[in-house]
2 protein chains.
Amino acid sequence: MNYNYNPQLSAQPFRTGELSLSHGRVKTPCFMPVGTLASVKALSPQDIAETGTDIILANAYHLYLRPGHELIRRLGGLHNFMKWNKPILTDSGGFQVYSLSKLRQITEDGVRFQSHIDGSCHNFTPEKVIEIQEALGSDIMMCLDWCAGYPADKKEIELSVKITAQWAKRSIEAKKRGDLRLFGIIQGGMFKELREQSAYELLDLPFDGYAIGGLSVGEPQELMLKVLEEVIPLIPERYPRYLMGVGRPEDIVEAVSMGIDMFDCVIPTRNARNGMAFTRYGHINVKKSSYKYTEEPIDDKCSCYTCRHFSLSYIRHLYRSRELLSYRLLTIHNIHYYQELMANMRMAIASGTFWDFKRNFYKLYSYK
Amino acid sequence: MNYNYNPQLSAQPFRTGELSLSHGRVKTPCFMPVGTLASVKALSPQDIAETGTDIILANAYHLYLRPGHELIRRLGGLHNFMKWNKPILTDSGGFQVYSLSKLRQITEDGVRFQSHIDGSCHNFTPEKVIEIQEALGSDIMMCLDWCAGYPADKKEIELSVKITAQWAKRSIEAKKRGDLRLFGIIQGGMFKELREQSAYELLDLPFDGYAIGGLSVGEPQELMLKVLEEVIPLIPERYPRYLMGVGRPEDIVEAVSMGIDMFDCVIPTRNARNGMAFTRYGHINVKKSSYKYTEEPIDDKCSCYTCRHFSLSYIRHLYRSRELLSYRLLTIHNIHYYQELMANMRMAIASGTFWDFKRNFYKLYSYK
């Protein structure tokens, strides 16, 4: 893959760049809103584009179960099915098998699991997961990995590193489509030497980029940052680095500082549906009675559709009345907030003012 | 109110015209989507406008209970609160008190009822209901009426006609704002002489238009059309005639043939959220397994946002997955269907081809 990035003259780890993918270019650092079932919940493709989003994430596991990757192949692939014509990255299902399915049995061959929908039994092998993602036509595919969770004992992590590497090799061999990119996923839990082993094993294989998996699984932020500090320098600069499932704005700012290029997380979308909105000053809960008569928008400096049109009073009313429009308006706002944060970081990096940006971010932003 | 209509040279009862209201003009016959709580469920104001809608209905009863008409007054009125800058008609609450509230007690003074939300007690008088609607700033306000339901005995209907007339008089006296219009509501159930009595009593008062209430309350279509046949000729041609709460496409086509100008109904919006979509051939249920691989839109001749972009296969997937986007896409389509039906009727009336239109409508449309 063509990945252009700017090495910082000052030898800082953070950088900005551009991914060239089959459905377009994506400026990094980037945030990918989650569109699990071929829909970023509550948004139309037009809404998504208007938030400043250039790439979304969808889940191979979910789409395999419903409506099925063969159906999507027949309908012309995922882009055509959901009418999103910019890049899509698909998660391999490793994380979903770990977090969602009822029973799972991991062998060297693959993983056998029960659907979280109807309990039916399925097998994922590295080859099967590539086949699914090639049917979907994802711009970036992810290898099937074994995500061991947190806390986990060293024995289990050792095994997950070993199997993840074997599966990575088989994934590369299974890949047929030259127009799609494939990323490996570095596992290793919170153990430095296992992270190193996983990174070296995967770097031996010709991936287009590298993800760091097994984080954002319940560990404290300090621990995640410690692991990043150890892993990021192992990935050569020429590869895009993707931190899976992260995170809160403050996690993203920290990870960008350390050299991460790509993020995905359900926080802006899921929390929107729980009445939470992000602002420069931290997040707010729109249900609060003090917003009853608030004529101002959620954030008076925000330029999203929601803030250009609606008062916080109206959004509070919609949310309390369980009006469907509230979920959409809050989702638009939150994704726009994330994309503006990313754009501001890209600009700050490009202009050499990233530390100023970061200082300013924390001066305003308070988080709980 | 300035109501321009074209008297048919052929002395047919149907007609087309234009209402001049404080937030703009509305071509008749018109259909008003229902925006109960200051939101047409699942749609933004922009979505609503794109369906070809020029006027919406909101419910004074619901807005009085939540968020409260005084809050909306403080936020600049209903148009500003929900950012809909075209006309709004508000229902008086007579029908909601009849259909929703737990306990109600009707006296000559007004109606005492318990909120369907929290059981709290409230009083509606004709004066109070005008005050609420003037706080909302509705382009067209409706008088508080007594809607007796179906079936109801003659004694109850007699009383409802008597009280509705008294309340109508008090409504006119209570009205303060000259920029807003006020309609009377003709009651009388299924009894010809009581409908006549109600019509004559209300026509003695200087209303801007007349609604026919107490229909679409469970009676068969034949009975509704019989009542319309008796009532419509009693309303002088110069007044807009509004048939409240109606209805299915075939009800609207029949009522337009008889000279009705205005309609509102939850069918296109509520049924959308139940997976039903209207087409030229009747309605379909998008859940049907035969649509699993359907690449075509809901209606290949439809020009709505939904049909211009999405396959029935995708919509079926979204609906089965309970994705919020499905409710929005189906609501957009159904309202667009209704507005196109109205536009086609207006054109057919204007060009003297209404009977051809009607014959053609029934040739295609099958209903259950």
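The values are calculated or read from the model by the stated rules, or taken from the named source; none is laboratory data. Predicted model only: the values in this text are computed from it and were never measured. A quick note on method: Cβ atoms are made from the backbone with ideal geometry, for glycine too, and the neighbour counts reach across all protein chains shown.
Give the residue that is surrounded by the most Cβ atoms within 10 Å (Cβ to Cβ), with candidates limited to residues of segment A:144-163 that are without any contact (Cβ under 8 Å) to a residue 60 or more places away in the chain and touching a strand residue (DSSP E or B) at 6+ places or on another chain (Cβ under 8 Å).
A:L144
Would you say B:L194 is touching a Gly at 6+ places or on another chain (Cβ under 7 Å), more than 30 Å from B:A135 (Cβ to Cβ), crowded, with 17+ Cβ neighbours inside 10 Å and at pLDDT 95 or above?
For B:L194, the condition - touching a Gly at 6+ places or on another chain (Cβ under 7 Å), more than 30 Å from B:A135 (Cβ to Cβ), crowded, with 17+ Cβ neighbours inside 10 Å and at pLDDT 95 or above - is met.
Which of the helices (runs of 4 or more DSSP H) found entirely inside segment A:215-334 contain at least 1 residues meeting this: away from chain B (no Cβ under 14 Å) and buried (at least 22 other Cβ atoms within 10 Å of the Cβ)?
It comes to A:221-231, A:249-257, A:267-273.
Scan segment B:72-121 for residues that are over 21 Å from the mean Cα position of the chain (by Cα), assigned to a helix (DSSP H, G or I) and surrounded by fewer than 18 Cβ atoms within 10 Å (Cβ to Cβ) and jot them down.
Listed by number, the residues that qualify are B:R73, B:R74, B:N80.
Going by the structure shown, is A:L341 within 14 Å of chain B (Cβ to nearest Cβ) and not polar (S, T, N, Q)?
So A:L341 fails the test.
Do you know which of the residues in segment A:1-15 that are in contact with a strand residue (DSSP E or B) (Cβ under 6 Å, 6 or more places away or on another chain) and in a loop (DSSP other than H, G, I, E, B) is modelled with the highest pLDDT?
A:R15
Identify, by number, the condition in (1) touching an Asp or Glu at 6+ places or on another chain (Cβ under 9 Å); (2) within 18 Å of A:F263 (Cα to Cα); (3) among the aliphatic types (A, V, I, L, M) that A:M190 doesn't meet.
The single condition A:M190 does not satisfy is (2).
Of the residues that make up segment B:310-330, is at least one touching a Leu at 6+ places or on another chain (Cβ under 6 Å) and more than 25 Å from A:M82 (Cα to Cα)?
Checking segment B:310-330: not a single residue is touching a Leu at 6+ places or on another chain (Cβ under 6 Å) and more than 25 Å from A:M82 (Cα to Cα).
Within segment B:44-60, how many residues are surrounded by fewer than 23 Cβ atoms within 10 Å (Cβ to Cβ), without any contact (Cβ under 8 Å) to a residue 60 or more places away in the chain and within 10 Å of chain A (Cβ to nearest Cβ)?
The qualifying residues number 2.
Only one of these conditions is not met by B:Y98: (1) over 25 Å from B:C121 (Cβ atoms); (2) touching a Lys or Arg at 6+ places or on another chain (Cβ under 8 Å); (3) touching a residue at least 40 places away in the same chain (Cβ under 8 Å). Which number is it?
All conditions are met except number (1).
What are the residues in segment A:270-326 that are without any contact (Cβ under 8 Å) to a residue 40 or more places away in the chain and of a type in the set (A, V, I, L, M), if any?
A:I284, A:I298, A:L312, A:I315, A:L318, A:L325
Have a look at B:N271, B:N285 and point out the one that is under 20 Å from B:C30 (Cα atoms) and over 14 Å from the mean Cα position of the chain (by Cα).
Only one candidate passes the filter, namely B:N271.
In segment A:127-137, is there at least one residue being touching a strand residue (DSSP E or B) at 6+ places or on another chain (Cβ under 6 Å) and in a loop (DSSP other than H, G, I, E, B)?
No, because not a single residue in segment A:127-137 is touching a strand residue (DSSP E or B) at 6+ places or on another chain (Cβ under 6 Å) and in a loop (DSSP other than H, G, I, E, B).
Anything in segment A:331-351 that is of a type outside the set (A, V, I, L, M) and touching a residue at least 12 places away in the same chain (Cβ under 8 Å)? List them, or say none.
A:T331, A:H333, A:N334, A:H336, A:Y337, A:Y338, A:Q339, A:E340, A:N344, A:R346
What do you reckon, is B:R170 within 22 Å of B:M262 (Cβ to Cβ) and free of Cβ contacts under 8 Å to residues at least 60 places away in the same chain?
no
If you check A:E134 against the conditions, is it surrounded by fewer than 23 Cβ atoms within 10 Å (Cβ to Cβ) and farther than 15 Å from A:A58 by Cα?
Here the answer is no, as A:E134 does not meet what is asked.
Does any residue in segment B:1-20 that is more than 18 Å from B:V253 (Cα to Cα) and of a type in the set (D, E, K, R) come within less than 9 Å, Cβ to Cβ, of a residue that is buried (at least 16 other Cβ atoms within 10 Å of the Cβ) and at pLDDT 75 or above six or more places away or on a different chain, and which pairs are these?
B:E18/B:Y3; B:E18/B:Y5; B:E18/B:V26; B:E18/B:K27; B:E18/B:T28
State all residues of segment B:64-84 that are within 20 Å of B:H23 (Cβ to Cβ) and in contact with a His (Cβ under 6 Å, 6 or more places away or on another chain); if no residue qualifies, say none.
B:K83
Of the residues A:K41, A:K27, A:K83, A:K128, only one is within 14 Å of another protein chain (Cβ to nearest Cβ) and out of contact with any Leu (no Cβ under 7 Å at 6 or more places or on another chain); which?
It is A:K83.
In segment A:199-214, what count of residues is obtained for those that are part of a helix (DSSP H, G or I) and either under 16 Å from A:A152 (Cβ atoms) or touching a Leu at 6+ places or on another chain (Cβ under 9 Å) (or both)?
Here the count works out to 3.
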